[in-house]
Structure formats: structure tokens, C-alpha cells
Amino acid sequence: MTHFDEYDQDLGRRRPKRDRQPLVTPPPRQFWDGAHAICPYCQGKALLVQFKDPGYPYARDWGQVWACPCPAKAYVGVHRGTNIPLGRLADADLRNARRAAHAAFDPLWQRRADRGQQQILARTDEYRKLARALGIPARECHIGWFDVEQCERVTHYAASTDFEALA
């Protein structure tokens, strides 16, 4: 049974569809104090901003973001329907490193999903393999939590992975 199939224990029936959202894992304490995202560049508390607020980093509405007014101009989006950050706040260099890491790593699990394996299982399995390769616990293997060096290691890992073995 997945978290989408949970039954309401008090009512003995399925939870309403609107309540069946994926579980969100908050970032580690050094990036999230439970109420505010913490900037890794100045250690200050970031501000939760939305479209048209001062400090909003996008020209159009992409939803709420945590943004820090420090010189690093770090920001990160939030999980839909929450104020929980998608990862640690990132400056331009880290955002570029994350994009490169995802561009290299995501095809590993997407190819398996394209071949019939459920997407969530393929993705979870590939993240477990990545965690082993990086020498970190699987629960801490989240590209949004990585620094530039870890993102570069992800890119190298993906480049050294044999696509034919993924069938």
C-alpha cells in the first residue's frame, strides 16, 4: 500500500483525493528551521516571496520561492501547496550545477520508466544507486540539497553509467 492509498483511520474510508498528495521530505536542519529557509551563504533567514513581491527572481509567476536579500541572490522554490523548500537556497553557480546534474542524471531513471517500470520505482532505485556511489544515506540523496561539488559528482556518475545495463 502506498501513501496514496491510505485510509482515514477515524472514518474507515479513503481519504478525499485532494488529501492524497505525495509525502514531502523537508531539507536538513542547516537549510530549514521548520519555519524559514536558511541561506547557506549568509546563514540568515530567507523571505517567502511570491510574484510581484520585491526580491521575486522570475519575470512571471512560478509560485512562491524562498529568497535571500544577501549579495549571493540565492533562492529556491517550494513544494506545491506548502512552504517547504525544494532544496537549499542556491546562487547562480549552484543553480547551473543542479541543472547540469539533473540533465545528466534524470535520463537514467526516465529510460527505465520508458521501458515499462513505474516512474516512482525507477526514480527511487536510481537515487539509491546514486547514494551508494556518493557514499551518503539514500534519505539524504536529493540533488536540491547538494552543493556544487556534489552536483559535479552526480554528473560524473551519470556519464560513467552504462545505459545498456539499465534495461
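Shape of region 24-90 from its Cα gyration tensor (a ≥ b ≥ c, root eigenvalues): rounded if a/c is under 1.5, otherwise prolate when a/b > b/c, or oblate? Present the calculation step by step, with values, prior to reporting the outcome.
Working: a/c = 2.11, a/b = 1.16, b/c = 1.82.
Taking the square roots of the gyration eigenvalues as a ≥ b ≥ c, region 24-90 is oblate.
In what order do Leu108, Leu48, Leu89 fall by count of nearby beta-carbon atoms within 10 Å, going from fewest to most?
Numbers: Leu108 20, Leu48 16, Leu89 28.
By the 10 Å Cβ count, ascending: Leu48, Leu108, Leu89.
What shape does region 70-167 have by the C-alpha gyration tensor, where a ≥ b ≥ c are the square roots of the eigenvalues, rounded means a/c under 1.5, and otherwise prolate means a/b greater than b/c and oblate the rest? Before the final figure, lay out each step's value.
On the way: a/c = 2.11, a/b = 1.57, b/c = 1.35.
Note, shape of region 70-167 comes out prolate.
What net charge is computed for the residues neighbouring Leu121, neighbours being all others with C-beta under 14 Å from the C-beta of Leu121, Lys and Arg scored +1, Asp and Glu -1?
On the way: positive: Arg111, Arg112, Arg115, Arg123, Arg128, Lys129; negative: Asp114, Asp125, Glu126.
Summing Lys/Arg as +1 and Asp/Glu as -1 gives +3.
Count charges around Arg153 for me, please; just the other residues with Cβ under 13 Å from its Cβ, Lys/Arg as +1, Asp/Glu as -1. Present the calculation step by step, with values, prior to reporting the outcome.
Working: positive: Arg98, Arg132; negative: Asp147, Glu149, Glu152.
Within the 13 Å Cβ shell, the charges total -1.
Just want the ordering: Trp145, Trp62, from fewest to most Cβ atoms lying within 10 Å of their own Cβ.
Values: Trp145 19, Trp62 12.
Going from sparsest to densest Cβ surroundings: Trp62, Trp145.
By counting other Cβ atoms within 10 Å of each Cβ, how are Glu126, Glu149 ranked from fewest to most?
Values: Glu126 23, Glu149 8.
Fewest-to-most ranking of Glu126, Glu149: Glu149, Glu126.
Where Lys and Arg each count +1 and Asp and Glu each count -1, what net charge lies around Pro107 among other residues with Cβ under 11 Å from its Cβ? Walk me through the numbers before you get to the answer.
Working: positive: Arg111, Arg112; negative: Asp106, Asp114, Glu126.
The answer is -1.
Throughout, read-outs are computed from the coordinates displayed, never taken from laboratory work. In this text, all values refer to a predicted model and were calculated from it rather than measured experimentally. Note: ideal-geometry Cβ built from the backbone for every residue, glycine included; neighbour counts use all protein chains shown.
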